[in-house]
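The values are calculated or read from the model by the stated rules, or taken from the named source; none is laboratory data. Bear in mind the structure is a predicted one, so any value in this text is a computation, not a measurement. Cβ sites come from the backbone with ideal geometry, for glycine too, and all protein chains shown count toward neighbours. These area figures cover heavy atoms from the full protein model, side chains too; ligands, DNA and RNA do not enter into them. Shrake-Rupley method; radii C 1.70, N 1.55, O 1.52, S 1.80 Å.
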Amino acid sequence: MPTIFDDLLERFHAYLAGVDNEPVADEVARIGWDMSARALEPRTLACLDYLDRIAELAPAGAKPLTRFVADHRDELRWGQTYTANEFGQSFIDNYGWLEVFGMRGHFDNDEVAAGLLILGPDILYPDHHHIAEEIYIPLTGGTEWRMGEGDFNVRDAGEVIHHASNVSHAMRTGKEPLMALYLWRGGPLAQKSTIGPMIDLRDRG
């Protein structure tokens, strides 16, 4: 009998399969979706209070996933990479992620990590970078995203955002919360991001 985790993986897969983007389609085709489940104890976070609003804001194609996550929030294991000492308590109260599959997720995968990020309203996730290549797909709109030394730009729900290895990026929410689907590949799948812009040592005299 399917568990809620099987249903979560199915809805996650179904959403990704519906994204009209060649790199995403290629990645979905490469992923082996018959994954082994991992037994994890549930963990809740303060940012889960935004899940009902996120489910309201999400476009039709994302609602089966966002509504399911909102309804089963207390049965899932939510995580945080940072601490209040690093970013302050306000950030911690408005931040969290759910790894659906990967090295720490509800399903075991040592090649790709994927899940959902939540940021509450009026939150800056400062410049950070990591070795893994990353694809983000916002499931809610209105958040500003920055890549490298560029400016912040509002990205729509469903827009595909690609960060190459070690490219700095940042997010800044407005009056509404963000949920974004993420895919990591090609690097350590449980690496803690390095905070601050990527510095090219070749630029130093």
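A few remarks follow.
- Degrees, to the nearest 10: 4-17 long Cα axis against longest axis of the chain: 60 degrees
- Charge tally in the Cβ shell below 14 Å around residue 70, where Lys, Arg are +1 and Asp, Glu are -1, residue 70 excluded: -2
- Checking (i) 21.3; (ii) 18.6; (iii) 17.3 against Kirkwood radius over Cα pairs in Å calculated from these atoms, the matching label is (iii).
- Within-10-Å neighbourhood charge of residue 107 [Cβ basis; K, R +1; D, E -1]: -3
- Charge tally for residue 23 (other residues, Cβ to Cβ under 12 Å; Lys, Arg +1; Asp, Glu -1): -4.
- What you get for segment 30-181, charging only the Cβ of Lys and Arg (+1) and of Asp and Glu (-1), is a dipole of about 180 debye around the Cα centre.
- Exposure of residue 90 as accessible area (Å², to 10), given a probe of 1.4 Å and all protein chains: 80 Å²
- Stretch gain in nm, segment residue 85-residue 144, where the contour uses 0.36 nm per residue and the Cα spacing is subtracted: 18.8 nm
- The chain: calculated mean residue ellipticity at 222 nm from DSSP helix runs of at least 4, using -39500 (n - 2.57): -6500 deg cm²/dmol
- Range in the chain, longest, excluding exposed trypsin sites (Lys or Arg not before Pro) [loop by DSSP; at most 16 other beta-carbon atoms within 10 Å]: 1-103
- Accessible area, probe 1.4 Å, largest first, for residues 50, 15: 50, 15
- Within segment 1-124, percent of DSSP bridges classed antiparallel, to nearest 5: 75 percent
- Stretch gain in nm, segment residue 152-residue 39, where the contour uses 0.36 nm per residue and the Cα spacing is subtracted: 36.8 nm
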